[in-house]
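Take a look at the structure set out below.
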Amino acid sequence: MEVVFDPAKISGFVSAPASKSYTQRVIACALLADGNTTIRGYTGCDDSERALLAAKNMGALIHKGENYIQIDGGHHNNGEFTLDFGGSATSMRIFTSVSCVTPGIKHITGSPQLLRRPIRPLIDALTQLGAKIETSPGYSPPLIVHPTGLRGGEVELDASISSQFTSSIMVGSTRADTPTFITHTGGVVSRGYIRITAHVLEWFRARTEISEEFNQVEVHPSRLKPIDVKIEGDYSSAAFLLAAGAIGGHVEVGNLNPESLQPDREVLNVLKGAGCYVELGGDTAKVGGDVKEGFDVDVTETPDLAPILGVIAAYAKGESRIRGVSRLVFKESNRIDAVVDMLKSIGVDARFESGEIRVKGGGIRGGLVDSHGDHRIALAAAVAAVGAHKPIVVRGFECYIKSYPHFLEDYTSIGGRARVVQP
């Protein structure tokens, strides 16, 4: 799919889609809970739909209504079957632990991109807890997960690559025989997502404890209770709309929790530090003005912001530095290279140097961008066109459905200009 994005004047209001981080975790917990869980404000993206399909294949009864879904958990498929997670690393990792504590032998697979992403630290930790998981050479998926259960106890986990490993064990350990004590080795990244997992488990009446330094997490076996919940808006997706307002006019984005645990709410602080007008009141963020100042930001806790921060930096004065990017090589693409390539291809002076992405501001010329099959690169390139001198053509734009399938409608509703030239 090839889409041309023209320079545009941005103005208007749009509601952020539901947080996929919350949605995927709620779906996994709903499968384990006995009874009907209702998820309101559901806006299905491919990642969330993959989690929902996995829950259905594992035995949950699913009902879809208008902007909500109901999941009747406690039902399980005792057979041998396949769970295909497409490109969703979060869903695959979380459901790997869930597969250990539910009936049936699961063959876990996904897209070629997903199968290249790391999972060995999770497999090693689950094995310590009594899981039986067969892997492909190199401890990579496809996996065969047997329903051995998890015994609980102490386990060491390397969470320096992804906090999703911790989140996965937290969800699965609600069905363990005894309390589970996770000790992190090698550091912990994206701590906010561990907080989100604990928050969701608390909704389902599970008991967890996280040490102040995040070096230990404790999960107690719990009988999860079904819930009725409205999912808050997704700051990761909203970041693209907010950046568009900062670059090319002004925008109001609703459905955003001002007290959210989502790490990517940090985009508001970056925009404010860059000289933009930023106001967060009620559930609506307002952003306008121009990007004035360059910035120095560490994305260790917010790696998904790196592509759009690169675009914002291109419109700032002076040089901006995006640090803490080492884990970006493990994303849907080698996101370090993809961000730098994207910026260079549209006329921006960008480079990876001394462990950080450096961007010299001054505006964007326009040009052709290859998405590298990475939804966040595709969306960032689309927004880059707002203040560009010439259009930006994004090749491989179809990957955007992974996180934000309604982006084109939302973007054009606030003045964005997009033309699909090759479906």
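The values are calculated or read from the model by the stated rules, or taken from the named source; none is laboratory data. Bear in mind that the values here come from a model prediction, so they are computed numbers and not experimental data. Every residue, glycine among them, receives a Cβ derived from its backbone with ideal geometry; neighbour counts consider all protein chains shown.
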### Task
Could you list, in sequence order, all residues of the stretch 139-171 that are of a type in the set (Gly, Ala, Ser) and either buried (at least 18 other Cβ atoms within 10 Å of the Cβ) or under 25 Å from residue 78 (Cβ atoms) (or both)?
149, 152, 159, 162, 163, 167, 168
## Note on the structure
All conditions in (1) within 18 Å of residue 369 (Cα to Cα); (2) touching a helix residue (DSSP H, G or I) at 6+ places or on another chain (Cβ under 8 Å) are true of residue 301 except (1)
### Query
Among the residues of the stretch 320-336, is there at least one that is more than 22 Å from the chain's Cα centre (by Cα) and aliphatic (A, V, I, L, M)?
no
### Query
If we scan the stretch 120-132, do we find a residue that is in contact (Cβ under 8 Å) with a residue 40 or more places away in the chain, charged (D, E, K, R) and part of a strand (DSSP E or B)?
no
### Query
Going by the conditions given, is residue 306 of a type in the set (A, V, I, L, M, F, W, C), over 20 Å from residue 381 (Cα atoms) and either in contact (Cβ under 8 Å) with a residue 60 or more places away in the chain or assigned by TED's automatic domain parsing to the domain that holds residue 344 (or both)?
no
### Summary
When the stretch 133-171 is checked residue by residue, the ones that are in contact (Cβ under 8 Å) with a residue 60 or more places away in the chain and among the aromatic types (Phe, Trp, Tyr) are 165
#### Entry: Filtered residues of the stretch 24-48 (kept if closer than 15 Å to residue 65 by Cβ, crowded, with 21+ Cβ neighbours inside 10 Å and touching a Phe, Trp or Tyr at 6+ places or on another chain (Cβ under 7 Å))
39, 42
### Task
Could you check how many residues of the stretch 139-160 are out of contact with any Leu (no Cβ under 7 Å at 6 or more places or on another chain), in a loop (DSSP other than H, G, I, E, B) and within 24 Å of residue 190 (Cβ to Cβ)?
3
### Task
Can you work out which of the residues in the stretch 172-205 that are among the hydroxyl-bearing types (Ser, Thr, Tyr) and at pLDDT 95 or above is surrounded by the most Cβ atoms within 10 Å (Cβ to Cβ)?
173
